[in-house]
Amino acid sequence: MSVRTIGVVMNGVTGRMGYRQHLVRSVLAINEQGGVTLSDGDRVKLRPVLVGRSAGKLADIAARHAIPDFTTDLDAALADDDNLIYFDAQVTSARVKAVLKAIEAGKHIYAEKPTAESAQEALALAEAATAKGVKNGVVQDKLFLPGLLKLKRLIDGGFFGRILSVRGEFGYWVFEGDWQEAQRPSWNYRGEDGGGIVLDMFPHWHYVLENLFGRVESVYARAVTHIPSRVDEQGVTYQATADDAAYGVFELEGGVIAQINSSWTVRVNRDELVEFQVDGTHGSAVAGLRNCRVQHRSATPKPVWNPDLPVTARFRDDWQEVPDNMEFDNGFKIQWEAFVRHVLEDAPFPNDFASGARGVQLAELGLRSSAEGRRIEVPQL
């Protein structure tokens, strides 16, 4: 068994997601476990090259984790032949330009979603990567959540019978930034910077629906800005120009109807920050980030609507927990390992730029649906 090291240019690790999930819990965690194991038993370690706009922030992260390579010069990092992979976790508005540079430099590209602000740009990235012959992938982490892996197990096992509908609830209250600090950066609420919950979350919902239940054939959505002004990181009040909540209805192939609410202006009254209820002819399930509960038709109670009497039944007590049956690793790390294998030995990696473009397309059509107040069919890209 041999061990080799490849360079990975990581652009955007000063942000919360890029730092915590991709650098610390994925790349550095992979190295701590001895690298990515290839099919022949060899191992590959990753040498992160940190790239960003702030030299001070990069230096702080590099010192914290003993990383020798960091720079504000993206072109220089891409010019190094030892750096095989380029990863992008920047703000969405900066992604296309940087990814195109990396494609031109012949790097294999792994990027956060959304891959672009428009479907046309996202499709152009996919076409450019294909023309250059570089491997490409997009982060689709929610497919690897323990709760959704359990849900996939139920689907594959035929638990639901014919699936009828999917109901999703996602979100939490993001503070306005005045009397309590906001949990999300201010660019999320500026449309000119690529913000908005539709562009952020509809690509997620696209790959979840597409991979678990079937192709999205139409969308009807209402996107709104419930909080019109917020306070940024410098304490300055600004106008929110992007949507902070969206209410969507998606029709899927086979007749499945999905309804998903996404909001940064909702207070949580559920077990997890995201939950999906799936109802089928033979059973139902409620899946969250980690847990999944089921109710089979043979154990379904028979409620009777009677507003004159208090409800004494505890409906949640009639559901059964789905066991883990396996150990669940970090979903971001799993995808990183899969992408490295894809680059080095052509292992399958279906979450490519084309799938990312379909997610951006759904977000774009969702915003159009909201603006025009109508249902819009989703053409195949």
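Read-outs: derived from the displayed coordinates by stated rules, not from any lab. Predicted, not measured: the structure shown is a model, and the values here were computed from it. Neighbour counts are summed over all protein chains in view; Cβ atoms, including those assigned to glycine, are modelled from backbone coordinates with ideal geometry.
Exactly one of (1) assigned to a loop (DSSP other than H, G, I, E, B); (2) over 20 Å from residue 134 (Cα atoms); (3) in contact with a Leu (Cβ under 6 Å, 6 or more places away or on another chain) is unmet by residue 50. Its number?
Of (1) assigned to a loop (DSSP other than H, G, I, E, B); (2) over 20 Å from residue 134 (Cα atoms); (3) in contact with a Leu (Cβ under 6 Å, 6 or more places away or on another chain), only one is false for residue 50: (1).
Yes or no: segment 343-364 includes at least one residue that is outside any loop (DSSP other than H, G, I, E, B) and free of Cβ contacts under 8 Å to residues at least 40 places away in the same chain.
No; the residues of segment 343-364 include none that is outside any loop (DSSP other than H, G, I, E, B) and free of Cβ contacts under 8 Å to residues at least 40 places away in the same chain.
Residue check: is residue 131 under 24 Å from residue 215 (Cα atoms), free of Cβ contacts under 8 Å to residues at least 40 places away in the same chain, surrounded by fewer than 19 Cβ atoms within 10 Å (Cβ to Cβ) and aliphatic (A, V, I, L, M)?
Here the answer is no, as residue 131 does not meet what is asked.
Among the numbered criteria (1) closer than 24 Å to residue 210 by Cβ; (2) surrounded by 14 or more Cβ atoms within 10 Å (Cβ to Cβ), which one does residue 255 miss?
(2)
Applying the selection to segment 271-324, what residues are touching a residue at least 40 places away in the same chain (Cβ under 8 Å) and in a loop (DSSP other than H, G, I, E, B)?
272, 273, 281, 282, 288, 289, 290, 291, 322, 324
Looking only at residues in segment 84-123 that are in a helix (DSSP H, G or I) and small (Gly, Ala, Ser), which one is surrounded by the most Cβ atoms within 10 Å (Cβ to Cβ)?
Only one residue fits best here, namely 122.
Would you mind telling me which numbered condition in (1) within 30 Å of residue 234 (Cα to Cα); (2) assigned to a loop (DSSP other than H, G, I, E, B); (3) touching a His at 6+ places or on another chain (Cβ under 9 Å); (4) among the aromatic types (Phe, Trp, Tyr) residue 179 fails?
(3)
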